[in-house]
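Worksheet: the structure to be examined is printed underneath.
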Amino acid sequence: MEFDKAKKYDYLIVGAGLFGATFAYLATQCGKSCLVIDKRNHIGGNCYTENVDGINIHKYGAHIFHTSNARVWKFVNKFAKFNDFVNSPKAYFKGKYFSLPFNMNTFHELWGVETSEEAQAKIAEQRLDIDEPKNLEEQALKLVGKDVYETLIKGYTEKQWGRDCKDLPAFIIKRLPLRFEYNNNYFNDVYQGIPVGGYTRMIEKMLAGADVRLGVDFAEIKDYQHDLARKTVYSGMIDEYFDFCLGKLQYRTLRFETERVDEKDFQASAVVNYTGRDVPYTRIIDHKRFEFGEQDFSIVTKEYPSEWKDGMEPYYPINNEENNALAKKYIELASKEQNVLFGGRLGTYSYLDMDKVIASAMDIADKELYDETV
Ligand code: FAD
């Protein structure tokens, strides 16, 4: 792709996801010129939604917006009207449905208990009394006991990581919150919803003041990035920026299988988690339910986790000790890179929810655009 090198932008923004779009909006509001590139042929990053016959398909997995950050909530509401969707997924295990997150509905479905005292007594009876869990299985048994672990955690986690829970480190599960009330709202946040009309439309509005070029890989223009713009704001993979000079960071990825089915009510929930090892996928998403669609057909997606290799989409960083140590070294290199700001989930090698990504872009923009000492 050829660029007009006679025009020098204030910012070259790599990645048209929420991080890049938030920074681009805030910079253009301050009168700065921005060139946003993305190697994909669409904006929106992993939040991208594609409208198919009136249904907004979450192409890279179900995205439910939730936050307790009032500034972030006010910000996203400038670009979209949010509906009152509440995430209350179901889990399916061996012919039975269970409520999530783990709450009194789940305990009633598992054991028929009715009061929180009965549920707490049951959990206490099942918990493994152990000081230092050696692996994820022991950690989960210590936190929630046998029935919750075997029905709702074991198979799902093993599919997610492609390994037996006995071979996974305990630190992956730090907490497993148990709610001793009848409440299926997955999130504890103050605000929650789905942007009506999809995330792509929302992000399009955020990018309205910037020049956007799609299908452009930063690698093609890295050598002359500073001819194109005064500064670069980079939200691609941090190790890739440095040509993997210290080694490669690892990720888990997902394969999505989407189909249209001629059923109005394919499943009675937007998200159903399949927690048994006997089913190869981890979730089925019924897209129209995010916006309360009334269509007499459904578009559904099965999610299959798998190992990440070159050329695949890197979805989840594997934050084990080795990767974190390597990421730290790259972050040190990044801090010395002149006129380049790193951010977003790939630029920091961390799993960040949408609100956290927006908040981090705001922090960087506040410092960059308003702090005269920078
Ligand atoms: P991205 O969205 O990944 O955007 C980065 C962009 O940079 C990409 O478009 C990429 O193509 C581009 N890029 C990378 N390298 C280059 C390059 N070399 N040249 C040009 N362009 C490049 N969060 C929630 O709050 N709620 C949820 O329900 C939720 N569900 C999720 C489900 C899944 C399966 C996943 C993976 C994530 C989910 N998230 C959720 C997290 C959410 O996706 C992220 O917070 C958000 O997408 C991060 O935005 P970002 O801009 O940092 O990264």
Worksheet item: If you scan segment 44-67, which residues turn out to be in contact with a helix residue (DSSP H, G or I) (Cβ under 9 Å, 6 or more places away or on another chain) and either more than 12 Å from the ligand (Cβ to nearest atom) or free of Cβ contacts under 8 Å to residues at least 24 places away in the same chain (or both)?
Response: E50, N51, V52, G54, I55, N56, I57
Practice prompt. Tell me, yes or no, whether segment 280-297 has at least one residue that is aromatic (F, W, Y), within 30 Å of G347 (Cβ to Cβ) and part of a strand (DSSP E or B).
Written response: no
Practice prompt. Sort out which residues of segment 323-350 are in contact (Cβ under 8 Å) with a residue 24 or more places away in the chain, assigned to a loop (DSSP other than H, G, I, E, B) and away from the ligand (no atom under 16 Å from the Cβ), and write them in order of number.
Written response: N339
Worksheet item: For V212, all conditions in the list (1) under 30 Å from R163 (Cβ atoms); (2) more than 9 Å from the ligand (Cβ to nearest atom); (3) of a type in the set (A, V, I, L, M, F, W, C) hold save one; what is the number of the exception?
Response: (1)
Worksheet item: When I13 is evaluated against the numbered criteria (1) closer than 30 Å to N339 by Cα; (2) aliphatic (A, V, I, L, M); (3) near the ligand (Cβ under 10 Å from one of its atoms); (4) surrounded by fewer than 23 Cβ atoms within 10 Å (Cβ to Cβ), which criterion, by number, is the only one it fails?
Response: (4)
Worksheet item: Using beta carbons and a limit of 8 Å, which pairs, at least six apart or on different chains, have the first residue in segment 27-42 and closer than 17 Å to R213 by Cα and at pLDDT below 95 and the second one part of a strand (DSSP E or B) and within 16 Å of the ligand (Cβ to nearest atom)?
Response: none
Discussion item. Suppose we filter A6, A24 for residues that are within 15 Å of the ligand (Cβ to nearest atom) and over 28 Å from R252 (Cα atoms); which single one remains?
Written reply: A24
Worksheet item: From the set of residues in segment 78-97 that are in contact with a helix residue (DSSP H, G or I) (Cβ under 9 Å, 6 or more places away or on another chain), hydrophobic (A, V, I, L, M, F, W, C) and under 28 Å from T22 (Cβ atoms), which is surrounded by the fewest Cβ atoms within 10 Å (Cβ to Cβ)?
Response: F82
Fill in: Breaking point among (1) buried (at least 16 other Cβ atoms within 10 Å of the Cβ); (2) more than 30 Å from E114 (Cα to Cα), for Y149
(2)
Worksheet item: Is there a residue in segment 78-88 that is among the acidic types (D, E) and over 30 Å from I153 (Cβ atoms)?
Response: no
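State all residues of segment 219-264 that are β-branched (V, I, T) and within 20 Å of H58 (Cβ to Cβ); if no residue qualifies, say none. Steps first, answer last, please.
Filtering segment 219-264 down to residues β-branched (V, I, T) leaves 221, 232-233, 238, 253, 258, 261.
Listed by number, the residues that qualify are T253, T258, V261.
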Fill in: Residue under evaluation G155, criteria (1) outside any loop (DSSP other than H, G, I, E, B); (2) at pLDDT below 95, criterion not met
(2)
Practice prompt. Select from segment 320-374 the residues that are among the aromatic types (F, W, Y) and modelled with pLDDT of 95 or more and list them in ascending order.
Written response: Y330, F342, Y349
Item to complete: For segment 329-345, enumerate the residues that are touching a Phe, Trp or Tyr at 6+ places or on another chain (Cβ under 9 Å) and either surrounded by fewer than 21 Cβ atoms within 10 Å (Cβ to Cβ) or not small (G, A, S) (or both).
Response: Y330, I331, L333, A334, S335, E337, V340, L341, F342, R345
Item to complete: Out of Y315, Y234, Y281, report the one residue that is of a type in the set (F, W, Y), near the ligand (Cβ under 10 Å from one of its atoms) and at pLDDT 95 or above.
Response: Y234
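The values are calculated or read from the model by the stated rules, or taken from the named source; none is laboratory data. As the structure is a prediction and not an experimental result, all values here were calculated from the model. Neighbour counts run over all protein chains shown; Cβ positions are idealised from the backbone, glycine included.
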